[in-house]
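Asks: What follows is a structure written as structure tokens; I'll ask about it next.
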Amino acid sequence: MSTENLTSRVFNDMDPALLSFIKKYVTSFVKWDLLHFFHQNPHTIDTVENIARYAGRAPDTVQRELAQLARSGLLESSQMGEMVIYALTSSPQIQTNLAQFVAASQDKQFRIRATYHVIRDMCRH
Amino acid sequence: MIEKSQDPSPASLPLAQRVPTGIPGLDEMLHGGFLSQTANLIEGAPGCGKTTLGMQFIRYGALHGEPGIILTFEQFPAQYYRDAASFGWDFRALERAGVLQVIMSSPEVSKADLESFNGKIEDLVARIGAKRILIDSLTHFERISQDPMKLRSLVYGFLNSLKRAGLTAILTRESATLLGDEVGPTGSANFSFMTDSYIMLRYVEIESAIQRAIIALKMRGSAHDTYIRQFEINSTGFHVQEPFAGREGLMSGTPQQMTRSFIKAFINR
């Protein structure tokens, strides 16, 4: 099977709304973890350093990913004195989409397909 | 001229100005509950029930028209949902009903947020109409600064911002010792004089068994029960019971029967 056919098969089986969510927000595995973290702790309001600590990731890596998630609208960032604070967006639509992504992630087949997309996106960039 | 009889004694403040905890026995100790828009410190050894007391206070409010917020430093919200569920309290359902919110943050961010214009916590307070807050725990403020003066200023600022937001707060703090008198390192933080009330939870050893004791050491603007009482945490939560009878030295963690100490003091001299 050609790569193109495999890609087509992987994505044709996926819910278009979820596919769109993945393409927009889940462009790395660090973001994947952060999305799960914010879904489980939706009222987190904290700095890069603390979020990195909670998520068990390096602050430098998390800083870049949080900034990208804020630019894409999934997170809200604000400056408080010298601190940059991140919180999950208050948009009910995005929160619903996030909940659907996390729920779908419980399924192994979905995870395989989503992982394929994340790797492809990471290779592209 | 105000006649003496018109000046209400603190203990007789109308219940409307009180914020009942809903904890059996504790409201009686506090003559009806905490005073509205005050900061109330609950201090005790690890695992003795500080968070349970605070969660019960928040839940009671949520079920009685006073929505609440749990502000946690370090501990994940999932832990609160699990702990609450062990008492049969569905905190997720209360969140869905818009009468409770569990927020995870850090002391420095919370303080900055509450002191900023249109901060996220203040926004949440307004959105759910929060009247109560549990801060779990104040101990985490101690890592912001080693300088006692700076720490005091930070905590004062934080407590004032809670009051400005119209919240009645319970703040937990872990004490360093399991039993006996607090022996903290020199210069360790003492927040009790900054808060409006100070309740201490203690483990006490009585006849080779560990029991739990509660005492209200301070309640600014109100009279309160001064007995050292037993309390238990069972499947329905925190319950304050009768005072320890015939014991003394409870705060040392190893009380003795009064007759024994009488003999020790007056006969075996």
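Asks: For the stretch B:13-266, what's the relative contact order in percent, using C-alpha pairs closer than 8 Å and at least 6 residues apart?
Replies: 25 percent
Asks: Another question, if that's okay. Rounded to the nearest 100 Å², what is the buried accessible area between A and B, both sides summed, probe 1.4 Å?
Replies: When A and B are taken together, about 1500 Å² of accessible area is lost.
Asks: If I take all pairs of Cα atoms in the stretch B:13-266, what percentage of them are more than 26 Å from each other?
Replies: Cα-Cα pairs in the stretch B:13-266 separated by more than 26 Å: 40 percent.
Asks: Per residue of the stretch A:44-50, what does 6.51 cos²θ - 1.76 cosθ + 1.60 with θ = phi - 60° give for ³J(HN,Hα)? Whole Hz please, x for Gly and Pro, Karplus curve as stated.
Replies: Once rounded to whole Hz, the list reads 7, 10, 7, 8, 4, 4, 6.
Asks: Name the residues of the stretch A:62-88 whose accessible area, probed at 1.4 Å, falls by at least 20 Å² once all protein chains are in place instead of their chain on its own?
Replies: So the qualifying set is A:GLU76, A:MET80, A:MET83.
Asks: Between their Cα atoms, which of B:LYS111/B:LYS163; B:LYS50/B:LYS150; A:LYS31/B:LYS111; B:LYS111/B:LYS150 are more than 18 Å away from each other?
Replies: As for pairs spanning more than 18 Å Cα to Cα, those are B:LYS50/B:LYS150; A:LYS31/B:LYS111.
Asks: How much accessible area per residue does the stretch B:13-266 have, counting only protein heavy atoms and a probe of 1.4 Å, in square angstrom?
Replies: Per residue, the stretch B:13-266 has an accessible area of 43 Å².
Asks: Follow-up. Give me the one-decimal nm value for the distance between modelled label points at B:ASN118 and A:ALA67, 7 Å along each residue's Cα-to-Cβ direction.
Replies: Once both label points are built, they end up 2.4 nm from each other.
Asks: Modelling each spin label as a point 7 Å along the Cα-to-Cβ direction, I'd like the B:LEU63/A:GLU76 distance in nm, to one decimal.
Replies: Here the answer is 3.2 nm between the modelled labels.
Asks: Going 7 Å from the Cα of B:ALA209 along its beta-carbon direction, which residues of the stretch B:44-63 have the amide nitrogen within less than 19 Å of the resulting point?
Replies: Residues B:48-49 fall inside that zone.
Asks: Mind checking the stretch B:110-156 for chymotrypsin sites (Phe, Trp or Tyr not before Pro) that DSSP puts in a loop (not H, G, I, E or B) and that have at most 15 other Cβ atoms within 10 Å?
Replies: Those that pass, being in a loop and sparsely packed, are B:PHE117.
Asks: While we're looking at this one, here's another question. Buried by at least 50 Å² relative to the chain on its own: which residues of the stretch B:83-104 qualify, computing accessible area with a 1.4 Å probe on protein heavy atoms?
Replies: B:MET104
Asks: Can I ask one more? Got a sec to turn the phi values of the stretch B:54-68 into Karplus ³J(HN,Hα) couplings, 6.51 cos²θ - 1.76 cosθ + 1.60 with θ = phi - 60°, whole Hz, x for Gly and Pro?
Replies: Working through the residues one at a time gives x, 5, 5, 4, 5, 5, 4, x, 4, 8, 10, x, 10, x, x Hz.
Asks: List the residues whose amide H sits under 5 Å from the amide H of B:LYS218, counting only those 5 or more places along or on another chain, with H placed 1.01 Å from N in the peptide plane.
Replies: B:TYR198
Asks: Quick check: at a probe of 1.4 Å, how many percent of the accessible area of chain A sits on carbon and sulfur atoms?
Replies: That share works out to 50 percent.
Asks: For the stretch A:21-106, report the accessible area per residue in Å² (1.4 Å probe, heavy atoms, rounded to an integer).
Replies: 44 Å²
Asks: Another question about this same structure. Less than 17 Å from a label point 7 Å out along the Cα-to-Cβ axis of B:ALA176: which backbone N atoms in the stretch B:22-52 qualify, by residue?
Replies: Under cut-off, by backbone N: B:43-46.
Asks: Less than 14 Å apart at the alpha-carbon level, and either on another chain or at least 8 residues along: which aspartates and glutamates does that give for B:LYS218?
Replies: B:GLU43, B:ASP196
The values are calculated or read from the model by the stated rules, or taken from the named source; none is laboratory data. The model shown is predicted, which means the values in this text are computed figures rather than measured ones. Cβ atoms come from the backbone with ideal geometry, glycine included; neighbour counts cover every protein chain shown. Note: areas computed on protein heavy atoms with side chains; ligands, DNA, RNA excluded. Shrake-Rupley method; radii C 1.70, N 1.55, O 1.52, S 1.80 Å.
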